[in-house]
Amino acid sequence: MTDEERRVPARFFQTETGNVPVLDWIKELSKTDRKIIGEDIKTVETGWPIGMPLCRSISSRKGLWEIRISLPDSRIARILFFLHDGELYLLHGFIKKTQKTPDSDLDLAESRLKQVKADEARKKKQEKKQPPKKAKRKGKKS
């Protein structure tokens, strides 16, 4: 699938050291689980905005959403994400073990959300400081 076919492309959160926690978590799962999760991410990318039963906003955490994934053997997975500059930032993934999403999982996703926003603000600030690049002239050298 090309980026043009995606209404809202997904980006995996990356730590400052280059780790990609959600992707690492997905790779630890079975092939069947990975396939289901990948299909659900793709459905969100191509169908956004999308609601229940696949997506839901986390009302207690502004800007945070969850992809609600049903896995074999009555297991439930969640990927917490937020929307930023037309992209889905996949922040945290886990197998849900209780009815209520643990605060520790929500706190981790919220911390990563803040990190992405801070990194983006830092990049924009650096871009403003850099002088515009001069166009190279074509022609003879003197």
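A few points about this structure:
- Rounded to whole Hz, the Karplus (6.51, -1.76, 1.60) HN-Hα couplings of the stretch 68-80, x for glycine and proline: 9, 10, 9, 10, x, 6, 6, 8, 10, 10, 9, 10, 8
- Among the listed pairs LYS27/LYS125; LYS62/LYS96; LYS31/LYS62, those beyond 24 Å (Cα-Cα): LYS27/LYS125; LYS31/LYS62
- Helix runs (DSSP H) in the chain reaching 15 Å along axis by Cα, Kyte-Doolittle at least -1.0: 31-47
- In the stretch 1-83, GluC sites (Glu not before Pro) in a DSSP loop with at most 11 other beta-carbon atoms within 10 Å: GLU16
- Pairs of Cα atoms nearer than 8 Å and 6+ residues apart set the relative contact order; for the chain it is 21 percent.
- Ignoring the sites themselves, the chain has its longest run without trypsin sites (Lys or Arg not before Pro) in a DSSP loop having at most 14 other Cβ atoms within 10 Å at 8-61.
- Largest GNM mean-square fluctuation among ALA121, ALA77, ALA109, using the chain with Cα springs under 10 Å: ALA121.
- Residue of ILE69, ILE37, ILE95 that the Gaussian network model of the chain assigns the largest fluctuation, springs spanning Cα pairs under 10 Å: ILE95
- Rounded Å value of the spacing that divides the Cα centres of the stretch 96-127 and the stretch 5-70: 14
Laboratory data are not the source of any read-out in this text; all were calculated from the coordinates shown. From a predicted model like this one, the values you see are computed outputs, not experimental measurements. No Cβ is skipped: glycine too gets one built from the backbone with ideal geometry, and neighbour counts run over all protein chains shown.
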